[in-house]
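Asks: Dropping the structure in here first, questions after.
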Amino acid sequence: MTNLLRRQVLGAVLAALAVFATGCASTDRTMVGRARPAIDPSAVRVYEREPRRFESIAIIEGKSINELRAKAAAVGANGLLSRGVVSKPGPVIGFGIGTSSLSVGRRSAVGVGTGVSFATPLRGGEVLQADAIYVP
């Protein structure tokens, strides 16, 4: 294996690892308003209906009510409005490898390239989703 080919393979492996690490990042909170100072999770109330006045802070996801309360408290929300159970797709792992070469003669140029890639989704799951709100 030539040095150029080794560098290309190493570059492809490093790029795949970077994509995999980024794909594993959690996106369990979407800010929709201004965060407030954190509070104690036990102070977060679960509402069955929208209160008359409230301010939306974030859309959060978790596997339990206690997890939702903790995440709401972390952004300063004192209430939760359930959005229900949602299915989340899992991340996709992909890998590609390729080679190329270029040969330049006095009056001609020849280029050759090959490549292989594949991607497979990982298993997702169901999570609870709620609006983290502040009720004055």
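Asks: Exactly one of these conditions fails for V19: (1) under 15 Å from the mean Cα position of the chain (by Cα); (2) in a strand (DSSP E or B); (3) modelled with pLDDT under 95. Give me its number.
Replies: Answer for V19: the failing condition is (2).
Asks: Being modelled with pLDDT of 95 or more and either open to solvent by less than 40 Å² (accessible area, probe 1.4 Å) or in contact with a His (Cβ under 7 Å, 6 or more places away or on another chain) (or both) is the filter here; which residues of the stretch 62-104 pass it?
Replies: L68, A72, A73, V75, G76, A77, N78, G79, L80, L81, listed by residue number.
The values are calculated or read from the model by the stated rules, or taken from the named source; none is laboratory data. No experiment lies behind these values; they were computed from the predicted model shown. All Cβ positions, glycine included, derive from the backbone under ideal geometry; neighbour counts span all protein chains shown. Please note that ligands, DNA and RNA were not included when accessible areas were found on the heavy atoms of the full protein model with its side chains. Shrake-Rupley method; radii C 1.70, N 1.55, O 1.52, S 1.80 Å.
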